[in-house]
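The values are calculated or read from the model by the stated rules, or taken from the named source; none is laboratory data. Everything numeric in this text was worked out from a predicted model, so none of it was measured. Positions of Cβ are generated from backbone atoms using ideal geometry, with glycine treated the same way; all protein chains shown enter the neighbour counts. Calculation scope for accessible area: heavy atoms of the full protein, side chains included, ligands and nucleic acids excluded. Shrake-Rupley method; radii C 1.70, N 1.55, O 1.52, S 1.80 Å.
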Amino acid sequence: MSTFKPLVFSGIQPSGNLQLGNYLGAIKRWIALQNEYNCIYCIVDMHALTINPSPEKLKQHTREVTAALLASGIDPQKNILFNQSRVPQHAELAWIFNCIVRIGWMKRMIQFKDKVGKHHEKASLGLFAYPTLMAADILVYRATHVPVGEDQKQHLELARNIAQRFNNDYSCRIASLDLGVAMKAEEKTTSGFFPVVEPLINDTSMRIMSLRDGTKKMSKSDESDLSRINLDDSADDIAKKIRKAKTDSEFFPKTVEELKNRPEADNLITIYAALADSNKRTVLTEFNIKQFSDFKVALTDILVEKLSPISSEMRRLKKDYAYIDSVLKNGSRRASIIAEKNMKHIRDIIGFL
Ligand code: AMP
Ligand code: TRP
């Protein structure tokens, strides 16, 4: 039974402009959690290195993602918002974890297999080790809760296994060391140094799909810009993309059951429900219409209403790099203090002089 003080940690890759799926599937959740928990939110630029971005693009995307998070309502005073590479304790702990994790565990990681396909001999070691760095991101803060999408569930399971393995392997040292203020009396009653992290997995209905193909996830890497709503799209862009969004030839559905086998219709209604903080059933009963084109007008209106404050703030922030950089610098300074305090104990536990 864990008695660790709840602490939320999550990360997002700086791999380009954020889209509606990131907002509804991740950021909106982060914003809700900041009212309930202490939260540490990290732009994982070291993870982004696994896809070999140019130095200019990496910098630009790190700032863009920070701007998107700030514009969406992440409070950098209340939370810690920073970029991973500024806190080298992540890499230090990842190395320690690399020596704990078995290759057999890593070979089971579905995301790695999906990403490299048949070309695993050509993949970088960094891509293979990606999940141990992710475990280090979380555990260097001894975070207890991690909001992520369904696709990251296996990586979190690995982080739990690493935490348990470390706690077991070093249980004698952990028990005998005086860990002082960092491990308050109540924490010493738990089974180890690291908490066994709990995933906060998204509601699966929060998977936002491509506007061109309702069976594919909306993604910033899709070739077609018409497939997604970017967080900095103008009202005109949004109207055009929704007008062109794929639907089928049937009438607007009246019940949730009718959405089965109609992925494009389902997706547009999911988006509306998420933006309206409602659910699909309610949306379907509210709209007493026949034509999908009428629904598209309402969907465009709500998208513009919810996203235009974000996009205009993003445009403003993008002209103020000095502010964005200062937020990240300040966040990194605060993150480093916690990470270093924990790393001192970890070095001691494993026997580094
Ligand atoms: P990515 O952009 O794939 O690195 O994802 C960053 C975060 O946004 C993760 O938590 C994803 O689960 C979430 N996310 C990305 N795309 C979508 C989508 N189409 N629907 C729901 N969540 C998404
Ligand atoms: N791998 C996560 C993703 O692709 C990003 C990430 C890196 C992360 N480190 C993390 C998420 C730690 C949660 C906790 O979405």
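Scanning the stretch 122-142 for residues that are assigned to a helix (DSSP H, G or I) and within 17 Å of the chain's Cα centre (by Cα) returns Y130, P131, T132, L133, M134, A135, A136, D137, I138, L139. With respect to T247, determine if the residue is within 27 Å of the chain's Cα centre (by Cα) and in contact (Cβ under 8 Å) with a residue 24 or more places away in the chain. So T247 fails the test.
Of the residues that make up the stretch 143-162, is at least one assigned to a loop (DSSP other than H, G, I, E, B), within 10 Å of ligand 2 (Cβ to nearest atom) and modelled with pLDDT of 95 or more? Lay out the reasoning, then the answer.
Within the stretch 143-162, the first condition is being assigned to a loop (DSSP other than H, G, I, E, B), and the residues that meet it are 143-144, 149.
Filter again for within 10 Å of ligand 2 (Cβ to nearest atom), leaving 143, 149.
From what's left, modelled with pLDDT of 95 or more: 143.
Looking for residues that are assigned to a loop (DSSP other than H, G, I, E, B), within 10 Å of ligand 2 (Cβ to nearest atom) and modelled with pLDDT of 95 or more, one finds at least one in the stretch 143-162, hence yes.
In the stretch 142-158, the qualifying residues are those that are more than 14 Å from ligand 1 (Cβ to nearest atom) and under 19 Å from K115 (Cβ atoms), and the one that is least open to solvent (accessible area, probe 1.4 Å) is L158.
For the stretch 31-56, how many residues are under 24 Å from D277 (Cβ atoms), touching a helix residue (DSSP H, G or I) at 6+ places or on another chain (Cβ under 8 Å) and open to solvent by 10 Å² or more (accessible area, probe 1.4 Å)?
1
The requirement of being open to solvent by 50 Å² or more (accessible area, probe 1.4 Å), of a type in the set (F, W, Y) and away from ligand 2 (no atom under 16 Å from the Cβ) is satisfied by F251.
Only residues that are over 17 Å from I74 (Cα atoms) and either outside any helix (DSSP H, G or I) or open to solvent by 60 Å² or more (accessible area, probe 1.4 Å) (or both): list them for the stretch 322-346, please.
The initial filter retains those residues of the stretch 322-346 that are over 17 Å from I74 (Cα atoms), namely 322, 333, 336-346.
Residues satisfying the conditions are A322, R333, I337, K341, K344.
Residue-by-condition table, conditions (1) surrounded by fewer than 17 Cβ atoms within 10 Å (Cβ to Cβ); (2) away from ligand 2 (no atom under 16 Å from the Cβ):
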{"residue": "T215", "(1), (2)": "yes, yes"}
{"residue": "S221", "(1), (2)": "yes, no"}
{"residue": "I229", "(1), (2)": "no, yes"}
{"residue": "D232", "(1), (2)": "no, yes"}
{"residue": "K240", "(1), (2)": "yes, yes"}
{"residue": "E257", "(1), (2)": "yes, yes"}
{"residue": "N261", "(1), (2)": "yes, yes"}
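Suppose the filter is within 26 Å of E64 (Cα to Cα), in contact with a helix residue (DSSP H, G or I) (Cβ under 6 Å, 6 or more places away or on another chain) and either within 16 Å of ligand 1 (Cβ to nearest atom) or aromatic (F, W, Y) (or both); does D225 pass it? No.
Could you check the stretch 111-121 and list, in sequence order, the residues that are open to solvent by less than 60 Å² (accessible area, probe 1.4 Å) and either among the hydrophobic types (A, V, I, L, M, F, W, C) or not in a loop (DSSP other than H, G, I, E, B) (or both)? Steps first, answer last, please.
If we filter the stretch 111-121 for residues that are open to solvent by less than 60 Å² (accessible area, probe 1.4 Å), which is where we start, we get 111-112, 116-117.
Those that are open to solvent by less than 60 Å² (accessible area, probe 1.4 Å) and either among the hydrophobic types (A, V, I, L, M, F, W, C) or not in a loop (DSSP other than H, G, I, E, B) (or both): Q111, F112, V116.
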